[in-house]
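Reading through the structure tokens given below for one structure.
The values are calculated or read from the model by the stated rules, or taken from the named source; none is laboratory data. Just so you know, these numbers come straight off a predicted model, no measurement behind them. Cβ sites come from the backbone with ideal geometry, for glycine too, and all protein chains shown count toward neighbours. In case anyone asks, the SASA skips ligands and DNA or RNA and just uses the protein heavy atoms, side chains included. Shrake-Rupley method; radii C 1.70, N 1.55, O 1.52, S 1.80 Å.
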Amino acid sequence: MFFDTHCHLDTQPFDADRDAVLARAHAAGVTRFLNPSYDLGSSRRATALAAARPDVWAAVGVHPNDIGHLDDQCLYEIEQLSQQPRVVAIGEIGLDYHWNTFPRQQQIDGFVRQLQLAQRLHLPVIIHCRDAYEDTLDVLSKFKIEDANNLQFSILLHSFAGNSQQAEEALGRGYYLGIGGPITYPKNESLREIVREMPLGQLLLETDTPYLSPQKFRGKRNEPSHIPLIAERIAQIRGISVAELGAATTANACQWLMVNG
Ligand SMILES: [Zn+2]
């Protein structure tokens, strides 16, 4: 019923109980998972997990907070991994001006190199953007990322946290917005306003597991079984049923990633 489009299942917090976490997710109706990566090690782990489980797909790439590791060899290995059958996207890549772990220009260069890779491979892209929407939208405006059939503009702004003008710009270009736990935070009225008005066809559900737990579990480890808490809040905001929201967002995710599930 639900597709969690952003869960870091490969990471250490799940080493002790990964199978139990996924079983709980299935019991909650969350039956498909996209595991994004943040560096070469996580790209390898996510690819291996996706190869081992029919309900998990992987994205490969280097996060802006790890961009210092992106050299020619790393990019070559990311490309090799991207050829595996269950690797369906490049990500998460982008800009992070909150932590500024690396200089802005270095982040932009690494972002552009990975966008060029996605463009050449016709793979969708998962964007990480923190306090950097202006530059992110500017860099993306120079790219047209299409799928293998040249049909679609395949960019997801994961855990969208921009303002209404930035949302309007992104939606106008055909990007998807990933919505997760922050939609449940009491002070997040501005995000709820965006989610109320945006086209349902561009909305994707995500947890960002193990981060960004919904309000009910805030401060604790997040996991994909929490997707229904996010879906219930969005369905309430939009005045539709949870079943309708689940069906629509899962169809969006399958179309975006070109997978059947
Ligand atoms: Zn993430």
Output for Cβ contacts, cut-off 6 Å, separation at least six or different chains, first residue of a type in the set (Gly, Ala, Ser) in the range 24-37, second open to solvent by 40 Å² or more (accessible area, probe 1.4 Å), reads 29/1
* To do: With the condition kept exactly as written, say whether any residue in the range 68-78 is open to solvent by less than 50 Å² (accessible area, probe 1.4 Å), on the phi > 0 side of the Ramachandran plot and either in contact with a Gly (Cβ under 9 Å, 6 or more places away or on another chain) or among the basic types (Lys, Arg) (or both).
  => no
Considering residues that are closer than 23 Å to residue 90 by Cβ, among the basic types (Lys, Arg) and assigned to a helix (DSSP H, G or I), the number found within the range 1-36 is 0
Going through (1) surrounded by fewer than 20 Cβ atoms within 10 Å (Cβ to Cβ); (2) away from the ligand (no atom under 16 Å from the Cβ); (3) not polar (S, T, N, Q) one by one, residue 45 fails only at (2)
Filtering the range 65-111 for residues that are within 18 Å of residue 154 (Cα to Cα), within 16 Å of the ligand (Cβ to nearest atom) and assigned to a helix (DSSP H, G or I) leaves a count of 1
Exercise. Does residue 141 satisfy the condition of being in contact with a Lys or Arg (Cβ under 9 Å, 6 or more places away or on another chain), more than 16 Å from the ligand (Cβ to nearest atom) and over 19 Å from residue 203 (Cα atoms)?
Worked result: yes
| Can you find even one residue in the range 37-48 that is in contact with a Phe, Trp or Tyr (Cβ under 7 Å, 6 or more places away or on another chain) and assigned to a loop (DSSP other than H, G, I, E, B)? | no
Counting only residues in the range 197-216 that are away from the ligand (no atom under 14 Å from the Cβ) and in a loop (DSSP other than H, G, I, E, B), the one most open to solvent (accessible area, probe 1.4 Å) is identified as 199
Given (1) modelled with pLDDT under 95; (2) under 14 Å from the mean Cα position of the chain (by Cα), residue 85 misses just (2)
Restricting attention to the range 117-131, the residues that are touching a residue at least 12 places away in the same chain (Cβ under 8 Å), closer than 17 Å to residue 83 by Cα and open to solvent by 10 Å² or more (accessible area, probe 1.4 Å) number exactly 4
The one condition residue 150 fails out of (1) modelled with pLDDT under 95; (2) closer than 19 Å to residue 30 by Cβ is (2)
When every residue in the range 10-31 that is out of contact with any Ser or Thr (no Cβ under 7 Å at 6 or more places or on another chain) and among the charged types (D, E, K, R) is compared, the one farthest from the ligand (Cβ to nearest atom) is 19
Take residue 15 and decide whether it is touching a Lys or Arg at 6+ places or on another chain (Cβ under 8 Å) and either over 17 Å from residue 221 (Cβ atoms) or open to solvent by 60 Å² or more (accessible area, probe 1.4 Å) (or both). no
